[in-house]
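Just so you know, all these numbers are worked out from the coordinates, no wet-lab data involved. Just so it is clear, the model here is predicted, and its values are computed rather than measured.
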Amino acid sequence: MAANKNKKGPAATFEDIQSELRDDLARLVEEVTKLVSDSGSEALSDVKTRIQRIKDGLDDVVTEKGREATDAAYEIAETLTDSLEEALCTRPLTTLGIAVGVGFLFGTTWRR
């Protein structure tokens, strides 16, 4: 820069301004690059955090629905058991005939 100060006139001023602009532009590029890099890392971390929250929420929903399905299956099994017991007590021969028929159908289907 000392060489530029020795020059006089508009050419010296233009060269000084041009040199200062290059230096300022280089510093600006460095700062923008650093800012983008830092904010990119922060954004990536933020996205990862949000994805983890969504995953945790889905896990909770799946767990709750799984419990509800299990409860419903137990309730159906209990109702079916009660119905079978009642049918056996009121119509034992009919219930036995139906059980043999259903077993035969399952056996035939299983072979195919």
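For this structure, a couple of remarks:
- Calculated SAXS-style log₁₀ I(q)/I(0) at q = 0.19, 0.23, 0.24 Å⁻¹ - the stretch 30-79, Debye, Cα scatterers: -0.71, -0.81, -0.83
- Across the stretch 10-111, counting alpha-carbon atoms alone, Rg and Dmax equal 37.7, 118 Å.
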